[in-house]
Amino acid sequence: MKNLTDKVILVTGASRGIGAAIARALAAAGAKVIVNYAGSQQAADQTVSEITSHGGEAIAIRADVSSAADVKTLFDTTIALYGKIDVLVNNAGIMITKLLKDTTDEDFTRQFDINVRGTFNTMREAATRLSDKGSIINFSSSVNRIMLPTYSTYVATKAAVEQLTRVFSKEVGARGLNVNSISPGPTNTELFTKGKPQEVIDKLSSLSAFNRIGEPDDIAKIVVFLASDEAKWINAQNIGANGGMA
Ligand code: NAP
């Protein structure tokens with residue numbers, strides 16, 4: 001269904017993982033997609049070529065979301081190319097899992113800089129530069145609902161994202177923007193699987209009602225809906241996307 005035709009959609013962190021699946025799904029629904037990346041240029045180019053080879057429209061633009069200057073340039077370049085941005089998907093994120101006692105100042109700063117400051121930077125630009133009646137979809141995590149040792153700073157960043165989402169929705173509602181966050185459960189990407197023994201993956205799979213972890217496409221389908229005009233009345237919510245994880 002091409003329900004996103006004519007929409008220009010910026011997806012942060014779309015070179016790999018969930019973001020790349022989101023970019024492909026949005027383009028398949030008719031959107032023009034900006035595939036943002038920080039370091040993985042080859043993967044971003046690959047995502048773009050997968051989209052264009054299926055008749056979609058996409059372009060890769062490098063920007064480190066933790067840098068306000070990079071994010072401003074990202075908005076400048078996109079608007080110069082396409083004339084507008086209708087939807088912002090704040091997918092870029094990192095996860096550093098360590099016991100709190102072992103977490104360094106650098107770990108703490110890096111995790112907050114990318115996950116929280118990154119979301120803040122793009123929303124600050126979006127406040128005045130996203131098209132009226134646009135949509136913002138931020139990324140939290142369903143691990144906020146459980147108490148997993150080693151996840152403390154990660155879930156702290158995601159709790160901050162949820163609160164930024166709620167208050168910001170009230171600040172931009174007058175322009176018709178809706179702002180939500182999505183909370184995937186464990187999902188089959190490098191961020192989740194890297195360095196994890198199979199028994200840990202199996203244990204986390206068993207937390208979902210379907211006894212499996214999510215696939216990036218499971219999340220992408222929900223983002224396509226949230227980016228559409230049909231989802232406009234959903235505002236200031238955090239949407240669990242986790243197969244009934246508890
Ligand atoms: P991933 O496979 O590690 O991919 C992360 C993406 O973020 C990459 O495209 C990466 O781009 C980009 N990125 C990292 N730092 C960036 C920066 N400073 N500026 C711009 N882009 C940056 O991760 P994922 O699993 O797809 O996660 C996507 C989002 O879902 C994250 O917000 C994550 O917290 C959230 N999430 C994931 C899971 C899960 O189980 N996978 C569960 C809940 C929530 P480069 O490679 O180009 O740097």
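Every number here is computed from the coordinates shown, using simple stated rules; none is lab data. The structure presented is a predicted model; accordingly, all values stated were derived computationally and were not measured.
Can you give me the long-range amide H partners of Ile182? Hydrogens built in the peptide plane at 1.01 Å from N, cutoff under 5 Å, separation of 5 or more residues or another chain.
Asn138, Phe139, Ser140, Ile239
List the relative contact order of the chain as a percent without decimals, with contacts defined as Cα pairs under 8 Å and 6+ residues apart.
On the way: 497 pairs, mean separation 48.9, N = 246.
Relative contact order, the chain: 20 percent.
Is the shape of the stretch 49-166 rounded, prolate or oblate, going by the alpha carbon gyration tensor and its root eigenvalues a ≥ b ≥ c, with a/c under 1.5 for rounded and a/b larger than b/c for prolate?
Prolate, since a/c reaches 1.5 and a/b exceeds b/c.
Using the alpha-carbon atoms, what tilt in degrees (0 to 90, nearest 10) does helix 118-129 show relative to the longest principal axis of the chain?
Value to nearest ten degrees: 20.
Checking the table Lys194/Lys221; Lys84/Lys232; Lys32/Lys98; Lys32/Lys72; Lys32/Lys203; Lys98/Lys221 against a 28 Å threshold on Cα-Cα, which pairs fail?
In this structure, Lys32/Lys98; Lys32/Lys203; Lys98/Lys221 exceed 28 Å between Cα atoms.
Tell me, what ³J(HN,Hα) does each residue in the stretch 131-142 have, in order and in whole Hz, if you take phi through Karplus 6.51 cos²θ - 1.76 cosθ + 1.60 with θ = phi - 60° and put x for Gly and Pro?
4, 3, 6, x, 9, 10, 10, 9, 10, 9, 7, 6
Which whole-Hz couplings ³J(HN,Hα) result when phi for each residue of the stretch 98-109 is put into the Karplus expression 6.51 cos²θ - 1.76 cosθ + 1.60, θ = phi - 60°, listed in order with x for Gly and Pro?
Karplus values, whole Hz, x for Gly and Pro: 8, 4, 3, 5, 9, 6, 8, 4, 5, 4, 4, 5.
Distance between the C-alpha centers of the stretch 171-246 and the stretch 54-91? Whole Å please.
Here the two parts' Cα centres lie 22 Å apart.
Could you tell me the distance between the Cα centroids of the stretch 119-163 and the stretch 17-47, to the nearest Å?
19 Å
I need the shape label for the stretch 90-246. Rule: rounded when a/c is under 1.5, else prolate if a/b > b/c, else oblate, with a, b, c from the alpha carbon gyration tensor. Each step should come with its number before you reach the end.
Working: a/c = 2.41, a/b = 1.40, b/c = 1.72.
It is oblate, given that a/c is not under 1.5 and a/b is not larger than b/c.
For the stretch 166-206, rounded, prolate or oblate, judged on the Cα gyration tensor with a ≥ b ≥ c (square roots of eigenvalues), a/c < 1.5 rounded, else prolate if a/b > b/c?
It comes out prolate by the Cα gyration axes.
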